[in-house]
Structures are given as structure tokens and as C-alpha cells.
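Chemist: This is the structure, below, for whatever I ask next.
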Amino acid sequence: MNAAHADFAIAAKALDVGYQSASGALNIVLQDFNLDVSAGEFLTIIGPSGCGKSTFLRAVADLVQPVKGSLEVFGSKPVDSRLKRDVSFVFQDSTLLPWRTVLENVLLPLQIGKAGTDGSSGDANALLDMLGLSNFKNRYPGQISGGQKQRVAIARALISKPKILLMDEPFGALDEITRDRLNDELLRIWRDTGMTILFVTHSIMEAAYLGERALILSANPGRVRKIVDLRSLKDNGQTLSREDPRLTDAMRDMRNELSHC
Amino acid sequence: MSIKLPSPWNIVLPLGGAVSVLIAWQFLLPLAGVPSYIVPTPSEIGGVMTKEYALLWRNFWPTLHESVLGFLFGNGIAVILAIVFVHNRYLQAAYFPVILFLNTIPILALAPVIILMFGLGMAPKVVIAAVICFFPTLVNMIRGLESITPNEHELFRILSASKAETLWRLRLPRAAPFLFSSLRIASATAVIGAVVGEWIGSDRGLGAMIIQATFNYQSGRLYAAIVLCSLLSISIFALVVACEKWVIRYHD
């Protein structure tokens, strides 16, 4: 991946994002935020609570409007990529619809709007296969484990063949063993599809292990504190061992940086 | 959480409870000196029900029709209005308080007005049954339609879902458990509405029969009518539960 010559998937320039509070005052969460994400990049985002990690994902997904500055997704406004279904979102709680079976949940994006018509239940079955869910496709979300639910949420996000996958602490509520396994599956999916992934996490381990770059944010208001480049550890395209001393070093630096946020 | 009893007891205990009450009613009340023109025994009520089968049946049908039609109209209009209110805050802000106020009028006070408006036929009974079902379903349905989580809302926004798609694929399924809990209640109140309507102006139906039997000291017939009212409620309730089981097949 040669970032210098690749097209940017996401480009934020002097971006301010905030929410209108109930009293009408504007509460700025992200301020003077600058970031370029290359197409096909895996970017992890970490920072203290209130640093606007999720807010940035929501701005890219066109769920919240920028107050100032510019935000482009594949060279146009976030709303265009939303309407084209270029962006999918995975929430921390899987947000599966409990009245739909696993398969029906994965098919949901294809049943809404015109954008969804390209794609079939064959794709859904292939995705469920890939994520090890074939035996569960007729179960309801209430009948499967938290890790399985999150796999279903990933399958639902992938069914529309997005160019950008936004993940907001997707494995934050899972036990460590399940999380490690899903991390490895996500890396495999990323390599197979060439998607751009933005992955918000609270875990330094996840941020360092998954990301090509790890974005460290400071809070109040949220700003880019540091971008840690991890590509040199991963340039051979192989999955890094979690015990690799270079990874441990990178994590130590990140922890040190976060303690000053 | 309620603790589940081992399975045979689930059937044996309620049946045993009911049978023991019936036995006590049959034998203890006469022993206590309660005369049968005030409280007839279960066997006397059963006797009336077999002997006056045709009369009871003739009066059962109008009440059945009125309750079921009232149930359908009242709940149907409540569901439609809830959908309108959820999509138009201005209409909700303007008219929900009016409905709230109308709901504070006791149905017994409202019933004569409705009879004045709709005459003495079946229509006013249907309207009374509908009015009595309407409000709880409206309130529950609004709550149900609004019970979608912020993440669900965002999921549908990212998918660029239209309002109709969000209603059909998200709001209505979310509201279904709320709707059915108020339909269960409405299964009893619809019958109450029909009976109240018949009390005030009718010569047919279980309500009319209750009034006439009371004035004529025909307590066997009175109790038989009461049993039929209760059976009617139970039947509608059972239908609602069956529909609920069919519609809501998942467990959270």
C-alpha cells in the first residue's frame, strides 16, 4: 500500500463537528481536525472518552453534520457516499433486529431502498459461511452469543459491498479470547476485500495490532494528538504475532502518549 | 423474574384452585344460609344454562358482534392515529391533550351521549366498545413506535431508509409487543363497553339480559349471562394471545 499515491478515501480539513445541546448551545466535540485516510487503509482510532472518536465516524457516515471545515468521502460529500451505500457501520452493541433471524438481519440492507438491489441471498449465505455462522442462520439474535451477534453485524455491514467500513468499538463488550479471534477474522476480511476500515477502540492492543496507522486523539475538544505509523511492522502482509516485541514497543509508546492526553 | 413451576403443576394447580372454589361455592354457601335468589349455586347456574340455552344464545350473538366490532374499530383507529402522531409532532402536540381530556370522561357518563347520537341499534354499542379500547392502545402504540433505540435509528439512516421503510421494517415490529399487551386488556374492556351500551338502551344482548334478570329476581339467568360475558372476554383474549404467538416468534 503506497499511501502517497493512493486516492484518499476520507479527507478532513480544519473540521469542526459538534452537537446542538438541549439548551441550544453548540457543543464542539472535534475541533480543527485534519486527517487523510487512503483508500484501502486500516486506521484505528484511540483516545480518552469524550475525544470525539465516535463523532468522527458519525460525521463520515453522514449522521452528524460538520459545523466548519470540510469533510470529503471519496472526493464528495458524506451524504453522497451514504446514498451510494459506500459506507457501512458496525455498532458496539450489534443492533440486530430481534424479530429477524440471523439470515434476515444480514439481508436487511438489500431490502431497503433502491441502492440495495445489487446483492442476493447467495451473497448473504456466502458471508455467513465465511464468518462461521452457517449453522445459526435461522436462529434469532436472542439465541446466539455476543460474539456471534457481532459476526452477524459484520456480515450485515458487508452485504452491501461497502468501500468504507466504520466500526465503533465493535468488540468492546466481548471477552478477550473472542475478541482476539474476531480481530484476526477482521484482518483477513480486510485483506480479501481491500476495504478502508476505520476502527474505534479503547484497547491499545487492538489499536496497535489491527491498524496500519493508529490515530491518537486528545479530549476536550477532540484533536489529533499523534498518528502512529505501524506499517513498517506489517509490510510483509503477514499477521503479526501478538507477542512480537516491536508490537509491544509500539504499544508502550502509545500508552505513554495516551497518558498525556 | 417469576420462577417456573415443574410442568404438571402448571395445569394441575390452576384447575385444582378453580375446582376447589366451585366446590366451596356449591356446598358452603347454602350451609352459610345465603339464599339462592342472591347467589345461586354453580349447579343451579348450569341448570339455567342448559334449560334456557336458546334464549342465552340469542342474546350472546349481539354482544359478541358489538364487542368484536368495537375491538377492531377502537384498536384500529388507535393504531392509525399513533402512526400519524409519531410522524407529525405538531398534530400530536395539538390533539393528544384533547384526547387525554376526553379519556377522563367516565364511559358511563359518555354512553348516554353516544346513544343519543347513534340511536338504539347496534352502532352505539360498537362505538362505546371502540371508545373504551381506543385510549390504552393509542398510548401504548405511541410508546411502542417510539421505542426504537438510537443505534437502530442510525442504522436505518445509514441505509437511507424512507419513513415508510423505517415504519414497516423497524417501528411496527418494535411496537408489536406494546400493541399486544394493550390488545390483551382491550379483549376484556371491549366486552365491558358492549355490555354497558346494552344496559343503557337495548332489549337484546347480554347487557340487556343482565338488567332484566336483576329487576325480575331471575338470579340464575343473571349469573348465566355473567358467565357468558366472561367466556366472551376469554375467547377474545385467547384469540389475541394466539395472534401474538404467531406474530412475535422471537425471544429477546
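Chemist: Kindly indicate whether A:Arg156 is within 14 Å of chain B (Cβ to nearest Cβ), within 22 Å of B:Leu170 (Cα to Cα), surrounded by 21 or more Cβ atoms within 10 Å (Cβ to Cβ) and modelled with pLDDT of 95 or more. Walk me through it before giving the result.
Modeler: Details: within 14 Å of chain B (Cβ to nearest Cβ): yes; within 22 Å of B:Leu170 (Cα to Cα): yes; surrounded by 21 or more Cβ atoms within 10 Å (Cβ to Cβ): yes; modelled with pLDDT of 95 or more: yes.
Against the criterion (within 14 Å of chain B (Cβ to nearest Cβ), within 22 Å of B:Leu170 (Cα to Cα), surrounded by 21 or more Cβ atoms within 10 Å (Cβ to Cβ) and modelled with pLDDT of 95 or more), A:Arg156 qualifies.
Chemist: Still on this structure: Test of understanding: among A:Glu169, A:Glu206, A:Glu176, which residue is under 22 Å from A:Asn105 (Cα atoms), of a type in the set (Asp, Glu) and out of contact with any Cys (no Cβ under 6 Å at 6 or more places or on another chain)?
Modeler: Values: A:Glu206 fails: under 22 Å from A:Asn105 (Cα atoms); A:Glu176 fails: under 22 Å from A:Asn105 (Cα atoms).
After ruling out the rest, the residue left standing is A:Glu169.
Chemist: Taking A:Val90 as the residue in question, decide whether it is away from chain B (no Cβ under 11 Å), surrounded by 16 or more Cβ atoms within 10 Å (Cβ to Cβ) and at pLDDT 90 or above.
Modeler: Details: away from chain B (no Cβ under 11 Å): no; surrounded by 16 or more Cβ atoms within 10 Å (Cβ to Cβ): yes; at pLDDT 90 or above: yes.
No; evaluated as a whole, the condition is false for this residue.
Chemist: Here's a follow-up. Could you figure out which of (1) closer than 21 Å to A:Phe42 by Cα; (2) in contact with a Phe, Trp or Tyr (Cβ under 8 Å, 6 or more places away or on another chain) isn't true of A:Pro141?
Modeler: Exception for A:Pro141: condition (1).
Chemist: Separate question: I'd like to know if segment B:162-173 contains one or more residues that are away from chain A (no Cβ under 12 Å), farther than 19 Å from B:Leu110 by Cβ and out of contact with any His (no Cβ under 9 Å at 6 or more places or on another chain).
Modeler: So far as segment B:162-173 goes, no, none of its residues is away from chain A (no Cβ under 12 Å), farther than 19 Å from B:Leu110 by Cβ and out of contact with any His (no Cβ under 9 Å at 6 or more places or on another chain).
Chemist: If A:Leu174 meets every condition in (1) away from chain B (no Cβ under 13 Å); (2) touching a residue at least 40 places away in the same chain (Cβ under 8 Å) apart from one, which number is that one?
Modeler: Single failed check for A:Leu174: (2).
Chemist: Something else now. Only one of these is buried (at least 20 other Cβ atoms within 10 Å of the Cβ) and either more than 30 Å from B:Phe60 (Cβ to Cβ) or modelled with pLDDT under 95 (or both): B:Ala194, B:Ala186, B:Ala176, B:Ala161. Name it.
Modeler: Testing whether each residue is buried (at least 20 other Cβ atoms within 10 Å of the Cβ) and either more than 30 Å from B:Phe60 (Cβ to Cβ) or modelled with pLDDT under 95 (or both) leaves just B:Ala161.
Chemist: Six or more apart or on different chains, Cβ atoms under 7 Å: show the pairs whose first residue is in segment B:232-250 and in contact (Cβ under 8 Å) with a residue 24 or more places away in the chain and whose second is of a type in the set (Ser, Thr, Tyr).
Modeler: From segment B:232-250, the pairs are B:Leu232/B:Thr63; B:Leu232/B:Ser67; B:Ser233/B:Ser187; B:Ile236/B:Ser67; B:Ile236/B:Ser187; B:Phe237/B:Ser187; B:Val240/B:Ser187.
Chemist: Something else now. Which of the following residues is within 20 Å of the chain's Cα centre (by Cα), in a helix (DSSP H, G or I) and within 14 Å of chain A (Cβ to nearest Cβ): B:Ala176, B:Ala194, B:Ala208? Walk me through how you get there before you give the answer.
Modeler: Working: B:Ala194 fails: within 14 Å of chain A (Cβ to nearest Cβ); B:Ala208 fails: within 14 Å of chain A (Cβ to nearest Cβ).
Residue meeting the stated conditions: B:Ala176.
Chemist: Which of the residues spanning segment B:212-252 are in a loop (DSSP other than H, G, I, E, B) and surrounded by fewer than 17 Cβ atoms within 10 Å (Cβ to Cβ)?
Modeler: Filtering segment B:212-252 for residues in a loop (DSSP other than H, G, I, E, B) gives B:216-218, B:248-252.
Residues satisfying the conditions are B:Asn216, B:Tyr217, B:Ile248, B:Arg249, B:Tyr250, B:His251, B:Asp252.
Chemist: If the Cβ limit is 6 Å and pairs must be 6+ apart or interchain, which residue in segment B:147-161 that is facing chain A (nearest Cβ under 7 Å) pairs with which residue that is of a type in the set (Gly, Ala, Ser)?
Modeler: So the pair list comes out as B:Ile158/A:Ala61; B:Ser160/A:Gly113.
Chemist: Sticking with this one: Considering only segment A:104-131, state which residues are more than 14 Å from chain B (Cβ to nearest Cβ) and either modelled with pLDDT of 75 or more or in contact with a Leu (Cβ under 7 Å, 6 or more places away or on another chain) (or both).
Modeler: A:Ser121, A:Gly122, A:Asp123, A:Ala124, A:Asn125, A:Ala126, A:Leu127, A:Leu128, A:Asp129, A:Met130, A:Leu131
Chemist: Restricting to segment B:142-154, count the residues that are more than 16 Å from B:Arg89 (Cβ to Cβ) and part of a helix (DSSP H, G or I).
Modeler: Looking only at segment B:142-154, we keep the residues that are more than 16 Å from B:Arg89 (Cβ to Cβ), and these are B:144, B:147, B:149-152, B:154.
Still in the running and part of a helix (DSSP H, G or I): B:144, B:150-152, B:154.
Total meeting the criteria: 5.
Chemist: Going through A:Leu186, A:Leu198, A:Leu166 one at a time, which residue ends up being within 28 Å of A:Asp123 (Cβ to Cβ), outside any strand (DSSP E or B) and among the hydrophobic types (A, V, I, L, M, F, W, C)? Spell out how you get there, then give the answer.
Modeler: Values: A:Leu198 fails: outside any strand (DSSP E or B); A:Leu166 fails: outside any strand (DSSP E or B).
Unique residue meeting the criteria: A:Leu186.
Chemist: Please work out if B:Ala24 is more than 27 Å from the chain's Cα centre (by Cα), loosely packed, with under 10 Cβ neighbours inside 10 Å and not polar (S, T, N, Q). Walk me through how you get there before you give the answer.
Modeler: Details: more than 27 Å from the chain's Cα centre (by Cα): yes; loosely packed, with under 10 Cβ neighbours inside 10 Å: no; not polar (S, T, N, Q): yes.
The answer is no for B:Ala24.
Chemist: What's the number of the only condition in (1) touching a strand residue (DSSP E or B) at 6+ places or on another chain (Cβ under 8 Å); (2) among the polar types (S, T, N, Q); (3) under 20 Å from A:Glu41 (Cα atoms); (4) more than 8 Å from every other protein chain (Cβ to nearest Cβ) that A:Ser76 fails to meet?
Modeler: (1)
Chemist: Do we have B:Ala164 as out of contact with any helix residue (DSSP H, G or I) (no Cβ under 9 Å at 6 or more places or on another chain) and within 22 Å of B:Asn88 (Cβ to Cβ) here? Before you say what the answer is, go through the steps one by one.
Modeler: Details: out of contact with any helix residue (DSSP H, G or I) (no Cβ under 9 Å at 6 or more places or on another chain): yes; within 22 Å of B:Asn88 (Cβ to Cβ): yes.
Answer is yes for this residue.
The rows are residues; the columns are (1) under 26 Å from the mean Cα position of the chain (by Cα); (2) acidic (Asp, Glu); (3) away from chain A (no Cβ under 14 Å); (4) over 24 Å from B:Val39 (Cα atoms).
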{"residue": "B:Thr189", "(1), (2), (3), (4)": "yes, no, yes, yes"}
{"residue": "B:Tyr217", "(1), (2), (3), (4)": "no, no, yes, no"}
{"residue": "B:Ala224", "(1), (2), (3), (4)": "yes, no, yes, no"}
{"residue": "B:Leu228", "(1), (2), (3), (4)": "yes, no, yes, no"}
{"residue": "B:Ile234", "(1), (2), (3), (4)": "yes, no, yes, no"}
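Chemist: Here are A:Pro66, A:Pro98: which of them is surrounded by fewer than 19 Cβ atoms within 10 Å (Cβ to Cβ), in contact (Cβ under 8 Å) with a residue 24 or more places away in the chain and within 14 Å of chain B (Cβ to nearest Cβ)? Spell out the reasoning first.
Modeler: Values: A:Pro66 fails: within 14 Å of chain B (Cβ to nearest Cβ).
None of the others qualify; the one that does is A:Pro98.
Chemist: Count, please, the residues in segment A:69-87 that happen to be surrounded by fewer than 20 Cβ atoms within 10 Å (Cβ to Cβ) and either of a type in the set (Lys, Arg) or within 13 Å of the chain's Cα centre (by Cα) (or both).
Modeler: So the answer is 2.
Chemist: Can you tell me which residue among B:Ala129, B:Ala82 is modelled with pLDDT of 95 or more, of a type outside the set (Val, Ile, Thr), assigned to a helix (DSSP H, G or I) and within 30 Å of A:Phe91 (Cα to Cα)?
Modeler: On the way: B:Ala129 fails: within 30 Å of A:Phe91 (Cα to Cα).
Result: B:Ala82 is the single residue among B:Ala129, B:Ala82 that is modelled with pLDDT of 95 or more, of a type outside the set (Val, Ile, Thr), assigned to a helix (DSSP H, G or I) and within 30 Å of A:Phe91 (Cα to Cα).
The values are calculated or read from the model by the stated rules, or taken from the named source; none is laboratory data. It should be emphasised that the depicted structure is a prediction, and the values quoted were computed from it without experimental measurement. Here Cβ is always computed from backbone atoms with ideal geometry, including for glycine, and neighbour counts include all displayed protein chains.
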